[in-house]
Amino acid sequence: MAKISMAQGAGGERMQEFIREFVLQELDHDFGEIPLSLLDDAAIVDGIAFTTDSYTVKPIFFPGGDIGSLAVAGTVNDLAVMGAAPVALSCAMIIQEGFSSDDLHKIMRSMNSTSKKAGVRIVTGDTKVVEKQAVDGIFINTSGIGRRYEHLDGNIARIREHRPFKWNWPNDSAVAPGDILIASGSIGNHGVAILSSREGYGFETSVKSDAAPLNHMISAALEVGGVCAMKDPTRGGLSNLLNEWADKSHVGLRVREEDIPMDGPVITACEMLGIDPLEIGNEGKVIMAVVPSMAEEVLKTVRAFPEGKKAKIIGEATEDVSGVMMETHTGGKRVVEPPIGDPVPRIC
Ligand code: MG
């Protein structure tokens, strides 16, 4: 009898198969302006952006954040990348009997301060406490609703000055040849920070998680205009994101290795662990696809924010390649395959 495996929840190819088999095959999925079937970061229903995410990160406290800051930032970012201002969140917790009340206070305070940073409120929730072995410490689910940014119309008008654009929202299926790809900062920090604080890995690093709400920076980019698609490279990392865009938008993507921002300690840690930094998760980064004539101005705007100061143009969408192609440091070409599973499970 087939059983569910870790890889099916890991954000790579196996999870895409899982979604086709258990979600798209079993649920009616064509409701809304951005329906479930598009498998985007949030759905758009009656003009409202709506998203949900469960957080099972291990350990719950890690350099640069904790499960609480992650649960707020992750859901806020999934709304913002659709072009929606986060309005309100829910918080549902499943807690193991015997969990430390000091730790729970810490987590709740962290949720509150991250919410304040994002300018969103937690307005409803649910708590279940279960016996030991039924859950590992604490799991948190946050759902969020978002309102269309007022300047999203202007953003889309700027795209249409340059090319046809049939969408009313930026989304994964809207990337077209010529679009410039911008990464808002260095890649791989969250995954490495989680691993370094995990028992059994035994390596020291100064790398901190990048977990942060990005809605203010994203709003400013939309105000400049010309942003066709945005996505946060969480599970499966940059590799998965680029492959999802190439697949959903039916377009080739070319990136240059030397332009992908990466911190030295992240490269060192990944080499030591034998993992590909492009395949590990980030929680405070966004990739944008922007029409060429607006790209420099969007980049400048993103760089003005502390969380975007290392932003760079990393490549472009093109008809010249199929799938995702990377020009390597050494001048070669490498196909960037979608990860099968996540090399680092339970990072979010
Ligand atoms: Mg996302």
### Query
Can residue 66 be described as of a type in the set (D, E, K, R), within 16 Å of the ligand (Cβ to nearest atom) and closer than 30 Å to residue 265 by Cβ?
no
### Query
Under the condition of being of a type outside the set (D, E, K, R) and within 13 Å of the ligand (Cβ to nearest atom), which residue from segment 39-53 is farthest from residue 23 (Cα to Cα)?
49
### Query
Looking only at segment 234-258, which residues are in contact (Cβ under 8 Å) with a residue 12 or more places away in the chain and on the phi > 0 side of the Ramachandran plot?
236, 237
### Query
Of the conditions (1) surrounded by fewer than 21 Cβ atoms within 10 Å (Cβ to Cβ); (2) modelled with pLDDT of 95 or more; (3) under 15 Å from the mean Cα position of the chain (by Cα), residue 39 fails just one. Which one is it?
(2)
### Query
Can you tell me which of 219, 173, 206 is assigned to a helix (DSSP H, G or I) and either surrounded by fewer than 22 Cβ atoms within 10 Å (Cβ to Cβ) or at pLDDT below 95 (or both)?
219
## Note on the structure
Of the residues in segment 71-85, those that are more than 13 Å from the ligand (Cβ to nearest atom) and in a strand (DSSP E or B) number 1
### Query
In segment 297-322, what residues are exposed (fewer than 15 other Cβ atoms within 10 Å of the Cβ) and either free of Cβ contacts under 8 Å to residues at least 40 places away in the same chain or hydrophobic (A, V, I, L, M, F, W, C) (or both)?
300, 304, 306
### Task
Output yes when any residue across segment 134-144 is of a type in the set (Gly, Ala, Ser) and within 16 Å of the ligand (Cβ to nearest atom), and no when none is.
yes
### Task
May I ask you to verify whether residue 321 is in contact with a Lys or Arg (Cβ under 6 Å, 6 or more places away or on another chain) and outside any helix (DSSP H, G or I)?
yes
### Message
Quick check on segment 111-147: of everything there that is among the hydroxyl-bearing types (Ser, Thr, Tyr) and under 20 Å from the mean Cα position of the chain (by Cα), which residue is farthest from residue 79 (Cα to Cα)?
### Response
114
## Note on the structure
In segment 35-55, anything in a loop (DSSP other than H, G, I, E, B) and free of Cβ contacts under 8 Å to residues at least 40 places away in the same chain is listed as 35, 46
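The values are calculated or read from the model by the stated rules, or taken from the named source; none is laboratory data. Predicted, not measured: the structure shown is a model, and the values here were computed from it. Cβ: placed from backbone, ideal geometry, glycine included. Neighbour counts: every protein chain shown.
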